[in-house]
Amino acid sequence: RIPRAQGAPRTPRPGLLGTLADQSRLATALARLAATPPEQLLARPELPTAQALVNRGFPARAVDGFLRPLLTALLADPALLTSSRCADLALHSFATGRLCLPEGGADALPELLAATLPPGSVRTGVRVTSISTTSVTTADHGALRCRAVLLATGARAAARLLPGLRVPAFHPVTVLHHTTDEPPLTEPTLLLDADRVGPVSHTAVISQVDPSRAPAGRALISSTVLGALPDPAHLDATVRSQLARLYGTSTTRWELLAVHHDAEAVPAMPPGHDLRRPVRLLAGLYVCGDHRDTSTVQGALHSARRAAHAVLTDLDAQPTLRMEPLETAA
């Protein structure tokens, strides 16, 4: 999107995605990618994503105006040094579906899962100090006996409990949440900054997607900064300036609700990345997380599915992987 005067219609930047022929080539390439089975994508030659985009024959304007900022947002990797195979999988998911958010926030899914379990099955606020195939030792609640242990944490926490487990490099991520009286954009749209003239990689009016996340009567805007945390003292002012340009409106009256920084938000996936790291370490000891698969929510869930299958198999539960249809998101 291009900057606009207040009230003026929004129009795509002329030539942002190249000529009509370039846009047709891009659409054809994405359609072909969507129709390619993931197994074939994983068999492609592996390069850093930035280099692969050049070698794949995409139109140069489409790469700079769309693919590069989109993959930067999907992979949390501004330099696009991620394995091209991982990038292909991310684009495949994008081309075959839609971007979405869990209604009610990131906690909604685990809360729904926990609600189906018998009362007392889930314990929180318990610090684990060591694990084995038959027990979990805690700081204040003694040892818990068990038939199997599945460790589902981030990479560094997993390595503390399982010495020798690989700890990858990470991509830092900072998210800023602003609120204002009126939404600066009424569409449920992800805005990408193709110009890369500020710290914000992408931004969205989250309340236009999920109104329950915003304070009553207010709009919520969430923006993501990738890489090392900029100067905290000037971060909000710098981000507001960029958001004013992206949304084409003044941000001086926006209220900053929160800033969340995670120096180890996303495990790096350089070429040579193993997308299917073992989840079964020993009979009775398993590990899952985005560090065992692709560094995405989908990767974390896929590794958990693999780990659950391994646990049930080892316990002679005869698991079956059912691919049940999902409800269409509103």
Legend entry - Within the range 70-101, considering residues that are open to solvent by less than 60 Å² (accessible area, probe 1.4 Å) and part of a loop (DSSP other than H, G, I, E, B), the one nearest to LEU33 (Cα to Cα): GLY97
Legend entry - the range 210-222, subset open to solvent by less than 40 Å² (accessible area, probe 1.4 Å) and aliphatic (A, V, I, L, M), residue nearest to VAL197 (Cα to Cα): ILE221
Inset, instruction - Find the residue count for the range 155-182, including only residues that are under 30 Å from VAL239 (Cα atoms), open to solvent by 40 Å² or more (accessible area, probe 1.4 Å) and assigned to a loop (DSSP other than H, G, I, E, B). - result: 3
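Working only within the range 229-256, note down all residues that are hydrophobic (A, V, I, L, M, F, W, C) and either under 22 Å from the mean Cα position of the chain (by Cα) or buried (at least 19 other Cβ atoms within 10 Å of the Cβ) (or both).
Residues satisfying the conditions are LEU229, VAL239, LEU243, LEU246, TRP254.
So is THR137 outside any loop (DSSP other than H, G, I, E, B) and either within 24 Å of the chain's Cα centre (by Cα) or assigned by the TED database to the domain that holds ALA62 (or both) or not? Let's see the steps before the verdict.
Values: outside any loop (DSSP other than H, G, I, E, B): yes; either within 24 Å of the chain's Cα centre (by Cα) or assigned by the TED database to the domain that holds ALA62 (or both): no.
For THR137, the condition - outside any loop (DSSP other than H, G, I, E, B) and either within 24 Å of the chain's Cα centre (by Cα) or assigned by the TED database to the domain that holds ALA62 (or both) - is not met.
Suppose we filter LEU75, LEU26, LEU112 for residues that are touching a Phe, Trp or Tyr at 6+ places or on another chain (Cβ under 7 Å) and within 23 Å of PRO188 (Cβ to Cβ); which single one remains? Outline the logic, then answer.
Details: LEU75 fails: touching a Phe, Trp or Tyr at 6+ places or on another chain (Cβ under 7 Å); LEU112 fails: touching a Phe, Trp or Tyr at 6+ places or on another chain (Cβ under 7 Å).
Being touching a Phe, Trp or Tyr at 6+ places or on another chain (Cβ under 7 Å) and within 23 Å of PRO188 (Cβ to Cβ) holds for just one of LEU75, LEU26, LEU112, which is LEU26.
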Legend entry - Only listed residue being in the same structural domain as SER24 (by the TED database) and not acidic (Asp, Glu), chosen from LEU117, LEU71: LEU71
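Take the residues in the range 193-209 that are open to solvent by 40 Å² or more (accessible area, probe 1.4 Å) and out of contact with any Ser or Thr (no Cβ under 7 Å at 6 or more places or on another chain); name whichever of them is farthest from LEU235 (Cα to Cα). Talk me through it step by step, then tell me what you get.
Restricting attention to the range 193-209, the residues satisfying the condition of being open to solvent by 40 Å² or more (accessible area, probe 1.4 Å) are 195-197, 208-209.
Keeping just the survivors that are out of contact with any Ser or Thr (no Cβ under 7 Å at 6 or more places or on another chain) gives 195-197, 209.
Numbers: ASP195: 19, ARG196: 16, VAL197: 14, VAL209: 26 Å.
Checked the range 193-209; the qualifying residue farthest from LEU235 (Cα to Cα) is VAL209.
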Inset, instruction - Kindly list the number of the only condition in (1) under 24 Å from VAL297 (Cα atoms); (2) buried (at least 18 other Cβ atoms within 10 Å of the Cβ); (3) touching a residue at least 40 places away in the same chain (Cβ under 8 Å); (4) touching a Leu at 6+ places or on another chain (Cβ under 8 Å) that fails for LEU190. - result: (2)
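In this structure, does ARG44 turn out to be of a type outside the set (Val, Ile, Thr) and in a helix (DSSP H, G or I)?
Numbers: of a type outside the set (Val, Ile, Thr): yes; in a helix (DSSP H, G or I): no.
No.
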Legend entry - Breaking point among (1) under 29 Å from SER303 (Cα atoms); (2) without any contact (Cβ under 8 Å) to a residue 40 or more places away in the chain; (3) among the polar types (S, T, N, Q), for THR224: (2)
Legend entry - Condition check for ALA108: touching a Pro at 6+ places or on another chain (Cβ under 8 Å) and either among the polar types (S, T, N, Q) or without any contact (Cβ under 8 Å) to a residue 24 or more places away in the chain (or both): yes
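Yes or no, residue by residue, for (1) open to solvent by 60 Å² or more (accessible area, probe 1.4 Å); (2) at pLDDT 95 or above; (3) within 25 Å of LEU74 (Cβ to Cβ):
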residue: THR224; (1), (2), (3): no, yes, yes
residue: GLY227; (1), (2), (3): no, no, yes
residue: ALA283; (1), (2), (3): yes, no, no
residue: TYR286; (1), (2), (3): no, yes, no
residue: GLY299; (1), (2), (3): no, no, yes
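I'd like the residue in the range 47-69 that is in a loop (DSSP other than H, G, I, E, B) and open to solvent by 20 Å² or more (accessible area, probe 1.4 Å) and, out of all such residues, is nearest to LEU192 (Cα to Cα). Steps first, answer last, please.
First, pick out the residues of the range 47-69 that are in a loop (DSSP other than H, G, I, E, B): 47, 56-59.
Now restrict to residues that are open to solvent by 20 Å² or more (accessible area, probe 1.4 Å): 47, 56-58.
On the way: LEU47: 24, ARG56: 22, GLY57: 22, PHE58: 19 Å.
Of everything passing the filter in the range 47-69, PHE58 is nearest to LEU192 (Cα to Cα).
The values are calculated or read from the model by the stated rules, or taken from the named source; none is laboratory data. Keep in mind that what you see is a predicted model, and the values were worked out from it rather than measured. Neighbour counts are summed over all protein chains in view; Cβ atoms, including those assigned to glycine, are modelled from backbone coordinates with ideal geometry. Each accessible area value is taken on the protein alone, full model and side chains, heavy atoms only, with ligands, DNA and RNA left out. Shrake-Rupley method; radii C 1.70, N 1.55, O 1.52, S 1.80 Å.
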